[in-house]
1. Does region 204-217 hold any residues that are part of a loop (DSSP other than H, G, I, E, B) and buried (at least 21 other Cβ atoms within 10 Å of the Cβ), and which are they?
2. Can you say whether residue 305 is buried (at least 22 other Cβ atoms within 10 Å of the Cβ), in contact (Cβ under 8 Å) with a residue 12 or more places away in the chain and farther than 20 Å from residue 105 by Cα, as far as the supplied structure shows?
3. Which one of these is touching a residue at least 60 places away in the same chain (Cβ under 8 Å), surrounded by fewer than 22 Cβ atoms within 10 Å (Cβ to Cβ), closer than 27 Å to residue 335 by Cα and touching a strand residue (DSSP E or B) at 6+ places or on another chain (Cβ under 8 Å): 121, 87?
4. For region 184-195, check the following and say yes or no: at least one residue is over 19 Å from the mean Cα position of the chain (by Cα) and closer than 28 Å to residue 34 by Cβ.
5. Residues of region 274-287 being touching a helix residue (DSSP H, G or I) at 6+ places or on another chain (Cβ under 7 Å) and buried (at least 21 other Cβ atoms within 10 Å of the Cβ), which ones?
6. Mind counting the residues in region 308-328 that are free of Cβ contacts under 8 Å to residues at least 24 places away in the same chain and more than 21 Å from the chain's Cα centre (by Cα)?
7. Is region 297-305 home to any residue that is in a helix (DSSP H, G or I), touching a strand residue (DSSP E or B) at 6+ places or on another chain (Cβ under 6 Å) and either closer than 23 Å to residue 187 by Cα or not assigned by TED's automatic domain parsing to the domain that holds residue 100 (or both)?
8. Might you check whether a residue that is at pLDDT below 95 and loosely packed, with under 15 Cβ neighbours inside 10 Å occurs anywhere in region 22-43?
């Protein structure tokens, strides 16, 4: 009896090891369990992460006064209390304006692992990306001069910049957005999936492991791979046309390539696709199979993959909403024009 049990346990261990190996061979990578190794991936060598910079970046991330209206912060469209997005089909910005291309706000969680930012991949990193929404008229609709004037009008902000960067720091628009980007680099959410790939066989349920196998077997990992399970650019509508392609005018970059969105925390980031037209995760799985893989994913297969995707719900750091500096007489007044 002991021999039979030992053989059974050995078989289970071997199967688990094989699935982990298969996942890694398919290009799937875990968030490192080592803080040192993680820092190597998320740190900016040109502007190293420090506690002072991160805390300052968090305040700026939550400060709506950086927008022209004084109502919209980075957190408005990338809500850290939700899924790191806004939960609507198209982002809503200045003067209640919907994104003119009907683009959905991607999650900011784990965005540090993307090869490029924005749906068309036009910016290389989070620091560069932070400059775009602030200046876009349908989003925060601010100018660099407005952002600089807001920050430098408050002695507390000036003091915090000096503490983070040194007494001789010049507070520029770029320095502000670089600091926001640095804070965003820390928004990493490891999950039981990472624990599993890092060697803890009991971290994922049997159903989640079966779903991972289905995910790989159906070819989902051909695009959704790497640490983010989707971080590079890829063609869309490979085997068929997305059924809501006509909603909005987005066609990808100059080569028709679209950023593959992360699947991490996917259960919390509906609606799905670049124009936010599908609200059901199972429907999104079936549609992706049809247009990207030329595969008819059955209801059973979609349910299995969905079960795996639940394993990507990450552990988020508790974010305490920061108390912001008080405005002064020099702080620019809000404008809805």
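The values are calculated or read from the model by the stated rules, or taken from the named source; none is laboratory data. Quantities reported herein were computed from a predicted structural model and do not represent experimental measurements. All Cβ positions, even for glycine, are placed from backbone atoms using ideal geometry, and neighbour counts span all protein chains on display.
1. 204
2. Yes, satisfied.
3. Result of the check over 121, 87: 87.
4. yes
5. Result: 278, 285.
6. So the answer is 1.
7. no
8. no
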